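Here is the structure we will look at, set down as structure tokens.
Read the figures in this text as sums done on the coordinates, not as results from a lab. Bear in mind that the values here come from a model prediction, so they are computed numbers and not experimental data. Here Cβ is always computed from backbone atoms with ideal geometry, including for glycine, and neighbour counts include all displayed protein chains.
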Amino acid sequence: MSEKRRQRYQSVLYPLARLPRFCRSELADLVDEEPAGFITKTVNEVVKAGVLETVREDGEIHFEWTHGDPLQLVDQWIDRRIHGDQVKEKPEQERPRERLMRLGAASLSDSELLAILIRVGVVGESAVTGGVKLANRFADELDLIRNYGLPELRTITPAITKASYCQILAALELGKRATEAARARPVEVTKITSTIEATQYCAQKFAYLSGDAVQEEFHIVTLDTKHKPIRTHRITVGTLDSSLVHPREVFRPAIRDAAAAVLLVHNHPSGDPTPSREDHAVTDRLTEAGKLIGIGVLDHIIVARERCQSLREC
């Protein structure tokens, strides 16, 4: 019975999840496998759950998915409809804590991790529902939760109590401190003589730039005559521009460190490490400037969520 219900919900919502936006008058054409009444009722329930938002334009009602992957949002909503809001009504192996123990924290969605921190819900709203609402509201900006007070978060979900609010803030702060500790920990490396060694070094040393940074940052790593790292220096913050990254600012700390070479490093907050034309222009300009003063540019590494990319390989 539950599988049949799941299939009916999927037949309505899966076609809609492939669209970033659709209007009420299109529903019958977009979904033709179910009666119009069931389609309308299902969409209204999804709106009520906060998974879809309504926008009125020119007398027409349009629907837009809230933050996140629509298909994932749909599957989560269907699970709640089938198994109920309460965690105890889910099969044991599908409960957030059990999934964490079985699969590891990295395998859980944001909403599941938040549900674990909320721990228990309140009358009328479970921890699972609260986690989904918070995850939908903050999407890829979970760090912004720390800027909200308890009363503000409770307008998003009443499942947030004083205890769960403290647990969420504590988890965010602990994650921040763990990142800072990893950033401060020295990276064990003897020397950097190849692209592979350069990307591996940057992946560890500048890991925080791949996840936390919201702006581009340009750094250099100064190297001695054996290409062993001396220290790192942040040069600029903001969009990388050849007019802003002046050779004087880049090579001043290199000269001060008596460096024989430098490794250029910057991040792409978008997560895509593909070099831009400006990235290549900056690299070429600094390489030529380095030749004039006898400090070589070993490589230019782009740090991003997906991977690190060497411009020497492009």
Of the residues in the stretch 216-232, those that are more than 26 Å from the chain's Cα centre (by Cα) and not hydrophobic (A, V, I, L, M, F, W, C) number 8
For the stretch 101-115, check the following and say yes or no: at least one residue is acidic (Asp, Glu), under 15 Å from the mean Cα position of the chain (by Cα) and closer than 19 Å to residue 66 by Cβ. yes
Checked the stretch 158-169 for anything assigned to a helix (DSSP H, G or I) and either within 17 Å of the chain's Cα centre (by Cα) or farther than 12 Å from residue 145 by Cβ (or both); matches are 162, 163, 166
For residue 307, the lone unmet condition from (1) within 19 Å of residue 197 (Cβ to Cβ); (2) surrounded by 16 or more Cβ atoms within 10 Å (Cβ to Cβ) is (2)
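For the stretch 267-297, enumerate the residues that are aliphatic (A, V, I, L, M) and within 16 Å of residue 219 (Cβ to Cβ).
Answer for the stretch 267-297, where residues must be aliphatic (A, V, I, L, M) and within 16 Å of residue 219 (Cβ to Cβ): 282, 286, 295, 297.
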Against the definition (under 22 Å from residue 47 (Cβ atoms), of a type outside the set (Gly, Ala, Ser) and either part of a helix (DSSP H, G or I) or without any contact (Cβ under 8 Å) to a residue 12 or more places away in the chain (or both)), how does residue 146 come out, yes or no? no
